[in-house]
Structure formats: structure tokens, C-alpha cells
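What follows is a short report on a single structure.
The values are calculated or read from the model by the stated rules, or taken from the named source; none is laboratory data. Source: prediction; values computed, not measured. No Cβ is skipped: glycine too gets one built from the backbone with ideal geometry, and neighbour counts run over all protein chains shown. Ligands, DNA and RNA are stripped out before the accessible areas are found, and what is left, the full protein with its side chains, is counted by its heavy atoms. Shrake-Rupley method; radii C 1.70, N 1.55, O 1.52, S 1.80 Å.
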Amino acid sequence: MDGNTIQILISMVIYMAVVIGIGIIFAKRANASSENYFLGGRSLGPWVTAMSAEASDMSGWLLMGLPGVAYWCGLADAAWTAIGLAIGTYFNWLIVSKRLRRYSVRANNSITLPEFFSNRFREKNKVIMTLAAAFILIFFTVYAASCFVTCGKLFSTLFGTPYIAMMLLGAVFVLVYTILGGFLAESASDFMQAIVMIVALVVVVVLGTVTAGGIGAVIDNANNIPGFLDFFGLATPVTNEAGEQAVIAGTPIFGEASPYGILTICSMMAWGLGYFGMPQVLLRFMAIRREDELKRSRRIAMVWVVISLSVAVFIGIMGRQLFPVAHVTKSAAENIFITLSTKLLPPLLAGFVMAGILAATISSSDSYLLIAASAFSKNVFQGILKKNATDKQVMWVSRITLLAIAVIAAIIALDENSVIFTIVSFAWAGFGATFGPLMLFSLFWKRTTQAGAIAGMIGGAGMVFLWKLVLNPLGGVFAIYELLPAFIFSAICIAVVSLLTKKPSAEVEEDFEAVKHGTEDVLV
């Protein structure tokens, strides 16, 4: 290990020590009760709510996955995805946040998403709670795997060490940190990590643009690649059977630009629909200390999202000029941010920028692990299997569940050729289609029934798997992102089944009206 690498390592160790310190500071308060551990006692301020929501949402995908897509095939896929995400973020904060905060209090002070859905319909058999917890376990395990892949790629690229060993090291660090501090530590560190992430992005894009000779030079280079800078066309790298891009005389080879029609645009913008069902974001709405602070949180979140997404896409475009043949596979392209950072910055500063990737990964994976663990320990173990379980027993089951999920996620992440963007897109579709329509119907349609909710969750989740594994490979109209058809199908299932079944009880309708008219603070 040379001197430069040691400096990078020192910077990252300092950062990791700070994160662990935050966990220790909040450990005592977090472990006081399961409500504190899983929802922070509804005590988050507007800045922490906004920044932690976005940091936990974006993950290493923001610094590696999105720039990698732009580097590999140009502007269209990355830009339309980013636009969809920005729009989805805005409307989620605008129409969902306040009513969910209010409704979660009314619904017997619910502190997890499965608990909210169950209490919303006053179900006695806990079918919704069980299904919701199961789907959270499935999709968050996949999500956590994407974060472990990010850790493995980061450390193996930086230090020239085996991918699997580094991936496992990252998984252990995240697991220990999550067990230690719970939701409060997670949210506080996410606030810091959101700042680190956006600073890292801005520093790299400014230095990269200067090195490239200015924005004009970056644009000129991109225009020389067919479809690379088009909103309605897609660059097509020429690859061999191993998926490696052809390079001649130091120049990457591209074929003719692929068409990019309205259906594809709608498919990529459908990423924004995912926000309505994303537990790590929705929990922040539930955890803020006062509903009237959500407006400020929305403004903070939108500024962060627009800047970070725009810069991340531009980094991929810029990377093609500065290091055109550094990464010749789709998987390797996701390392372009690492390459730019280590080549353009002094080692010590590069280490702190690399900590930005680690920040993104930790801020997401701890959220995923904690929410998945709470889904089982709070909603299945205490809610169904052992209703008289003490808080201490719930906490122990939560930690055991955390370990089990981390092990399964690490097994999924063993393949070092995994593409972060692909893994994230599947889990994102799963949550968006399973919970998104149900959240909107639960908050805004009084006629929604328990049967409709169950049909919507099963229909949405089932369609994600069917479309991804069976229909998507057929190509043509089926090649769209699975979230779009699955979201629509879930919404249809909820509406149709709700209308065909008996209307909700008077108590459920009373809850709905109380929340609608702002009299939510009565716990029932």
C-alpha cells in the first residue's frame, strides 16, 4: 500500500470513527424503548427529517449507479430517471407527508409502515401487517445487497483488495452501527452524510470541469458520440461477447444511436412513482416532531435532490471525456466517480470524497436493515407470534433479524459483476408497486377496504416479479421498467376489490374523516 493509498485510508477511518461516535452518543436514548429505537420518539427537526430522508433514499446509487449509467450510454436514461425522481420527491413531500404524519398518530400511534396499514383498517386478523412485513423483508434484503456491492466495489477499487473480503467488511461495519444506535443515530448520521454526499459531488464536478477545459469542452466531446447527449436517443457502446466495449487507438467505439421513444421516457420517469411506497422516506414523515415543519423540510429536500441528481448525471458525461476508456464494462462504469476523485484530488481530500460514497451507502443500508428488522420484530413477533412480548424481547429479536438479513444480503452481493443500478431498480419497483398505490388510496380514498389493500399489495408485488422475470425479456413494449405496469395494476386491484367488497366500518370512516379535517391527535 503506497503513501497516497494510506492517506485515503486515514481519511476514511476518521470518517467512520465519527459515524461510530454518533451511534454511541445516541445508543442510550435509542435503546430506552422500541418506539425510540424504530422511530426516534417522533422528535426529528425539519433539517434532519429532510436530509436524512434523501440520504437514506439515494444510497451509493447516487454516486456510483447514476453516474455509471450516464458514462456508459449517455444522457437519456440517467436524465429521465433523475427528472422522474425529482418530480416524485416533490409530490411525495407535498401530498403524502402531512397526512401520513397525522394519520399515523390517529392510527394508534403507529411507528412502522406495516403497523400503520394494519391500524388504518383496524384489522383483527393482521393479514395486512403480515404481508407488509414479508414484502419489506424481501425487498429490503435486496436493497441492502446493493449497498454491500457498493462497499465491495469502493474498497476493492481503492485498495486493490479482493472484492468479497471488502464487501463483507462493509457489511459488518454497517451491521454493528445499525445495532448500536437505531433510528436516532441513523437519522443524525444521515444528516451529516447528506452534507458529505453533496459536497463530494460538487467538488468533483467543479474540478473535473476545470480539468476538462470547461463545460463547452465536455459538451463538444459528448456531441461527438452518437446519441450520447440526446434526450430522445441513446448511445450504444459496441461490445464483445464478454460485455467489454471495443477500443481502437484509445477511443471507445459506439454504434448508431438507439431510438428513445415516449414509452421509454414514461418508463424511466416512472421511477418517481416509487417514492409513494418507499418506507425509509415515509418513516421520516411519521417521525418529524411537528406536522407544520414539513413544508420547510420539503424545500430543503428539493434543493438537495435537484443539485445532487443534476451533478451526478453530469459527472458521468464528464467522465467520458476525461477517462474515455477507463471502464469498458457496464458494471465497471459505476466506478467513474471513484476514478475522477482519486485522479483529480490530493489523496487526503480524495479520502474524504470517497467517504461520500461510504456515507451514501451507510445512510441507506442502515435504514434498510432497521426497517426490515422492525417489520419482523415489531409487527410479526410482537404483533402476531407473541403479543405480550416485552420491549426488551422485541429489541433482541430485532438484532437477531438484523444479523439474518445482513447474511442473506451479503450472499446476494457475492457477485462482483453485479450492477448497482439494476439491483436498486428491482427493489425500488418492488416497494413502489407494493406500497405506493396502497399509501395513496389509504390516505385519500375513504372507500378503500382491507380486502382491497391486500389485493393491491399482492397484485403489485406479483406483477413486479412477473414483468421483470417473464415479460421484460420478451422485449418490445414489454421492455419498459416493471414499476410502471405494476403500479397501475396494483391501483386497479385496490379500486376494483374495494368496490366489490363491503365498505369500511363506521370506526374506520371516522378515523379517515378526523384525519382529513385535521383532528388527528386523538389516539384510538
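Taken together, the residues in segment 192-235 that are aromatic (Phe, Trp, Tyr), under 25 Å from Trp304 (Cβ atoms) and crowded, with 20+ Cβ neighbours inside 10 Å amount to 0.
Report whether or not Thr501 is surrounded by fewer than 24 Cβ atoms within 10 Å (Cβ to Cβ), farther than 30 Å from Pro67 by Cβ and touching a Ser or Thr at 6+ places or on another chain (Cβ under 9 Å). Against the criterion (surrounded by fewer than 24 Cβ atoms within 10 Å (Cβ to Cβ), farther than 30 Å from Pro67 by Cβ and touching a Ser or Thr at 6+ places or on another chain (Cβ under 9 Å)), Thr501 qualifies.
Residues to consider are Ala451, Ala495, Ala410, Ala514; find the one that is closer than 25 Å to Ser374 by Cβ, of a type in the set (A, V, I, L, M) and touching a residue at least 12 places away in the same chain (Cβ under 8 Å). Explain how you work it out, then say what you get.
Working: Ala451 fails: closer than 25 Å to Ser374 by Cβ; Ala495 fails: closer than 25 Å to Ser374 by Cβ; Ala514 fails: closer than 25 Å to Ser374 by Cβ.
It is Ala410.
The conditions of being among the basic types (Lys, Arg) and either surrounded by 21 or more Cβ atoms within 10 Å (Cβ to Cβ) or not in a helix (DSSP H, G or I) (or both) are not met by Lys295. Scanning segment 106-140 for residues that are part of a helix (DSSP H, G or I) and closer than 20 Å to Phe512 by Cα returns Arg106, Leu113, Pro114, Glu115, Phe116, Phe117, Ser118, Asn119, Arg120, Ile128, Met129.
Residues being within 16 Å of Met58 (Cα to Cα), touching a Ser or Thr at 6+ places or on another chain (Cβ under 6 Å) and either modelled with pLDDT of 85 or more or open to solvent by 10 Å² or more (accessible area, probe 1.4 Å) (or both): count how many of those fall in segment 399-425.
Taking segment 399-425 first, the residues within 16 Å of Met58 (Cα to Cα) are 419-425.
Pick out the ones that are also touching a Ser or Thr at 6+ places or on another chain (Cβ under 6 Å) and you get 419-420, 423-424.
Okay, now just the ones that are also either modelled with pLDDT of 85 or more or open to solvent by 10 Å² or more (accessible area, probe 1.4 Å) (or both), so 419, 423.
Counting residues in segment 399-425 that are within 16 Å of Met58 (Cα to Cα), touching a Ser or Thr at 6+ places or on another chain (Cβ under 6 Å) and either modelled with pLDDT of 85 or more or open to solvent by 10 Å² or more (accessible area, probe 1.4 Å) (or both) gives 2.
Among the criteria (1) within 25 Å of Ala486 (Cα to Cα); (2) surrounded by 20 or more Cβ atoms within 10 Å (Cβ to Cβ); (3) hydroxyl-bearing (Ser, Thr, Tyr), the one Thr264 does not fulfil is (2).
Every residue, every condition in (1) closer than 19 Å to Leu282 by Cα; (2) among the charged types (D, E, K, R); (3) not in a helix (DSSP H, G or I), yes or no:
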site: Ile400; (1), (2), (3): no, no, no
site: Ile405; (1), (2), (3): no, no, no
site: Ile408; (1), (2), (3): no, no, no
site: Leu414; (1), (2), (3): no, no, yes
site: Phe431; (1), (2), (3): yes, no, no
site: Pro437; (1), (2), (3): yes, no, no
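Being closer than 27 Å to Trp271 by Cβ, over 22 Å from the mean Cα position of the chain (by Cα) and assigned to a helix (DSSP H, G or I) is true for just one of Tyr90, Tyr103, Tyr143. Which residue is that? Give the steps one after another, and end with the answer.
Working: Tyr90 fails: over 22 Å from the mean Cα position of the chain (by Cα); Tyr143 fails: over 22 Å from the mean Cα position of the chain (by Cα).
From the options Tyr90, Tyr103, Tyr143, the qualifying one is Tyr103.
Given the criteria surrounded by 14 or more Cβ atoms within 10 Å (Cβ to Cβ) and in contact (Cβ under 8 Å) with a residue 60 or more places away in the chain, does Trp428 qualify?
Yes; evaluated as a whole, the condition is true for this residue.
To keep it simple, each residue is scored yes or no on (1) of a type in the set (Lys, Arg); (2) closer than 13 Å to Val497 by Cα; (3) touching a strand residue (DSSP E or B) at 6+ places or on another chain (Cβ under 7 Å).
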{"residue": "Ile423", "(1), (2), (3)": "no, no, no"}
{"residue": "Met439", "(1), (2), (3)": "no, no, no"}
{"residue": "Ser442", "(1), (2), (3)": "no, no, no"}
{"residue": "Lys446", "(1), (2), (3)": "yes, no, no"}
{"residue": "Gly452", "(1), (2), (3)": "no, yes, no"}
{"residue": "Gly456", "(1), (2), (3)": "no, yes, no"}
{"residue": "Gly459", "(1), (2), (3)": "no, yes, no"}
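Return yes when Ser490 is in a helix (DSSP H, G or I), in contact with a helix residue (DSSP H, G or I) (Cβ under 8 Å, 6 or more places away or on another chain), within 17 Å of Trp271 (Cβ to Cβ) and in contact (Cβ under 8 Å) with a residue 24 or more places away in the chain and no when it is not. It is true that Ser490 is in a helix (DSSP H, G or I), in contact with a helix residue (DSSP H, G or I) (Cβ under 8 Å, 6 or more places away or on another chain), within 17 Å of Trp271 (Cβ to Cβ) and in contact (Cβ under 8 Å) with a residue 24 or more places away in the chain. Checking segment 72-86 against the condition returns no match, with no residue being of a type in the set (A, V, I, L, M), at pLDDT below 90 and assigned to a helix (DSSP H, G or I).
Which one is least open to solvent (accessible area, probe 1.4 Å), of the residues in segment 309-329 that are in a loop (DSSP other than H, G, I, E, B) and out of contact with any strand residue (DSSP E or B) (no Cβ under 8 Å at 6 or more places or on another chain)? Checking each candidate, the answer is His327.
Considering only residues of segment 380-398 that are among the polar types (S, T, N, Q) and in a loop (DSSP other than H, G, I, E, B), which is most open to solvent (accessible area, probe 1.4 Å)? The selected residue is Asn388. Within segment 243-261, being open to solvent by 50 Å² or more (accessible area, probe 1.4 Å) and in a strand (DSSP E or B) holds for Val247, Ile248, Thr251, Pro259. Give me the pairs, please: first residue somewhere in segment 333-359 and surrounded by fewer than 24 Cβ atoms within 10 Å (Cβ to Cβ), second residue anywhere and among the aromatic types (Phe, Trp, Tyr), beta-carbon distance under 9 Å, and either six or more positions apart or on two chains. Partner pairs satisfying both residue conditions: Thr339/Phe323; Lys343/Phe323; Leu345/Phe352; Phe352/Tyr15.
The residue pairs whose first member lies in segment 253-279 and is under 30 Å from Phe117 (Cβ atoms), whose second member is aromatic (Phe, Trp, Tyr) and assigned to a loop (DSSP other than H, G, I, E, B), and whose beta carbons are closer than 6 Å, counting only pairs six or more residues apart or on different chains, are Ser267/Tyr481; Ala270/Tyr481.
The residues in segment 460-483 that are open to solvent by less than 10 Å² (accessible area, probe 1.4 Å) and in contact with a Cys (Cβ under 8 Å, 6 or more places away or on another chain) can be counted, and the count is 1. Pairing residues of segment 148-162 that are free of Cβ contacts under 8 Å to residues at least 60 places away in the same chain with residues that are of a type outside the set (A, V, I, L, M, F, W, C) and open to solvent by less than 10 Å² (accessible area, probe 1.4 Å), at Cβ distances under 8 Å and at least 6 apart in sequence or on separate chains, gives Phe155/Gly170.
Of everything in segment 56-81, what is under 16 Å from the mean Cα position of the chain (by Cα) and either over 14 Å from Met268 (Cα atoms) or open to solvent by 10 Å² or more (accessible area, probe 1.4 Å) (or both)? Give them in sequence order. Walk me through how you get there before you give the answer.
Just the residues of segment 56-81 that are under 16 Å from the mean Cα position of the chain (by Cα), to begin with: 56-67, 78, 81.
Answer for segment 56-81, where residues must be under 16 Å from the mean Cα position of the chain (by Cα) and either over 14 Å from Met268 (Cα atoms) or open to solvent by 10 Å² or more (accessible area, probe 1.4 Å) (or both): Ser56, Asp57, Met58, Ser59, Gly60, Trp61, Leu62, Leu63, Met64, Gly65, Pro67.
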